[in-house]
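Here's the structure we're looking at; comments come further down.
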Amino acid sequence: MTSSRTVVITGASAGIGRATARLFGARGDKVGLLARGSAGLDGAAKDVQNAGGQALAIPTDVADYDAVEAAAGEIERAFGPIEVWVNVAFASVFAPFHEITAAEYRRVTEVSYLGFVHGTMVAMARMRERDVGTIVQVGSALGARAIPLQSAYCGAKHAINGFTESVRTELLHEHSNIRITVVQMPAVNTPQFSWVLSRLPRHPQPVPPIYQPEIAARAVVFAADHPRRKHYWVGASTVATILGQRVAPALLDRYLAKTGYSSQQTGQSVSPERPHNLWEPRDGDAGQDHGAHGAFDDRAHHRAPQVWIAQHARTLTGVGAATAAATAALAVRHRR
């Protein structure tokens, strides 16, 4: 593990980005923090500094390429060459497809997909000069198996997977030392469910089981240290979702058509006119910093054994191979 690196995180003001920034700070890294909301960015900077790192917070809308480019330049002037870039920022709309406007769809796509393209483009332009660096895309199980009521978000997450695969093959063709990897996330307890644009009758929620953002953050930091072609899967629900889609997609269609609406809503009624963050950040309301966690602390898991398994895959593979060899040898001896 290399410490004191220059790291950039988009969507750093809350949720997974916020928790990830804190972990990089605890390693002594220099962390550039990009997001729209000033209150959340200020809180994230304090988290990084209190953990032992250095922080530079720059209000940035990742849908604006020029703004991302300018922020990267400012970070390198302050901290030196960017070595790790983590794309997290996203937006969403909770509503049936026919209730989403073209402008809203475009906005979600510009943030949740093109924001990753912009971040990757800006990071690679600098990393290519030195032929070194790591880019981590924070994906979702919904990028492999879409669900109802989040068509714009699911479409963006699917697009990120295809985009990243294409870029990876180009880097391989060039024999580049730049690495790019994806971490597929489960449902996470982030503040987005309290400020997302929703036209549902009840308060939106992540589809259970729900995990705390620190679990996701640990996976992101590990992926930054150990980038690989194979995606990292965080949480048993992510594994089940992706494998289920490979084995029985038609069955999942019917299952989600039946359960996908209710599982994304609590029993609490909310007004369709409630404030949301699609066009403007909400963490600036009265200087309020929402932090990393959402409203589901009492229901969120603090551990995900599957993350540990992913981090120790090589060791487990070696143990499995050794066990298989020993078993085979015993079987041969027994037959003799």
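The values are calculated or read from the model by the stated rules, or taken from the named source; none is laboratory data. Note that the coordinates shown come from a computational prediction; the quantities given were computed from them, not determined experimentally. Virtual Cβ from ideal backbone geometry, glycine too; neighbours counted across all protein chains shown. Side chains included, ligands, DNA and RNA excluded: accessible areas come from the protein's heavy atoms. Shrake-Rupley method; radii C 1.70, N 1.55, O 1.52, S 1.80 Å.
Below, the figures for the structure above:
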quantity: Condition met for Val48 (assigned by the TED database to the domain that holds Asn161 and not in a helix (DSSP H, G or I)); calculated: no
quantity: Residue in segment 17-36 that is more than 25 Å from Asn189 (Cβ to Cβ), assigned by the TED database to the domain that holds Ala224 and more than 19 Å from the chain's Cα centre (by Cα) present; calculated: yes
quantity: Every residue from segment 252-279 that is open to solvent by less than 70 Å² (accessible area, probe 1.4 Å) and in a strand (DSSP E or B); calculated: Gln265, Thr266
quantity: Residue count, segment 1-32 (criterion: of a type in the set (S, T, N, Q), closer than 20 Å to Thr120 by Cβ and surrounded by fewer than 24 Cβ atoms within 10 Å (Cβ to Cβ)); calculated: 1
quantity: Filter result (without any contact (Cβ under 8 Å) to a residue 24 or more places away in the chain and either in contact with a helix residue (DSSP H, G or I) (Cβ under 8 Å, 6 or more places away or on another chain) or closer than 20 Å to Ala141 by Cβ (or both)) within segment 162-217; calculated: Gly162, Glu165
quantity: Subset tally (residues that are out of contact with any Gly (no Cβ under 9 Å at 6 or more places or on another chain) and touching a residue at least 60 places away in the same chain (Cβ under 8 Å)) for segment 53-92; calculated: 2
quantity: Qualifying residue in segment 139-155 (condition: touching a Leu at 6+ places or on another chain (Cβ under 9 Å) and assigned to a helix (DSSP H, G or I)); calculated: yes
quantity: Qualifying residue in segment 229-242 (condition: at pLDDT 95 or above, among the small types (Gly, Ala, Ser) and touching a Leu at 6+ places or on another chain (Cβ under 7 Å)); calculated: no
quantity: Identity of the residue in segment 69-124, open to solvent by 40 Å² or more (accessible area, probe 1.4 Å) and in a loop (DSSP other than H, G, I, E, B), that ends up farthest from Pro272 (Cα to Cα); calculated: Pro81
quantity: Test set (1) more than 20 Å from the chain's Cα centre (by Cα); (2) open to solvent by 30 Å² or more (accessible area, probe 1.4 Å); (3) in contact (Cβ under 8 Å) with a residue 60 or more places away in the chain - Asn50 fails condition number; calculated: (3)
quantity: Subset of segment 125-146 (residues that are of a type in the set (Val, Ile, Thr) and either open to solvent by 30 Å² or more (accessible area, probe 1.4 Å) or in contact with a His (Cβ under 8 Å, 6 or more places away or on another chain) (or both)); calculated: Val132
quantity: Residue check, Ala219 of a type in the set (A, V, I, L, M), surrounded by fewer than 23 Cβ atoms within 10 Å (Cβ to Cβ), assigned by the TED database to the domain that holds Arg22 and on the phi < 0 side of the Ramachandran plot; calculated: no
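Residues checked against (1) out of contact with any Pro (no Cβ under 8 Å at 6 or more places or on another chain); (2) closer than 19 Å to Gly15 by Cα; (3) of a type in the set (Lys, Arg):
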| residue | (1), (2), (3) |
| --- | --- |
| Ala257 | no, no, no |
| Gly260 | no, no, no |
| Ser263 | no, no, no |
| Ser269 | no, no, no |
| Arg274 | yes, no, yes |
| Trp279 | yes, yes, no |
| Asp289 | yes, yes, no |
| His293 | no, yes, no |
| Asp297 | yes, yes, no |
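Rundown of residues vs (1) under 12 Å from the mean Cα position of the chain (by Cα); (2) surrounded by fewer than 24 Cβ atoms within 10 Å (Cβ to Cβ); (3) aromatic (Phe, Trp, Tyr), yes/no style:
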| site | (1), (2), (3) |
| --- | --- |
| Gln150 | no, no, no |
| Ala156 | no, no, no |
| Ala159 | no, yes, no |
| Thr164 | no, yes, no |
| Glu170 | no, yes, no |
| Glu174 | no, yes, no |
| Val183 | yes, no, no |
| Pro186 | yes, no, no |
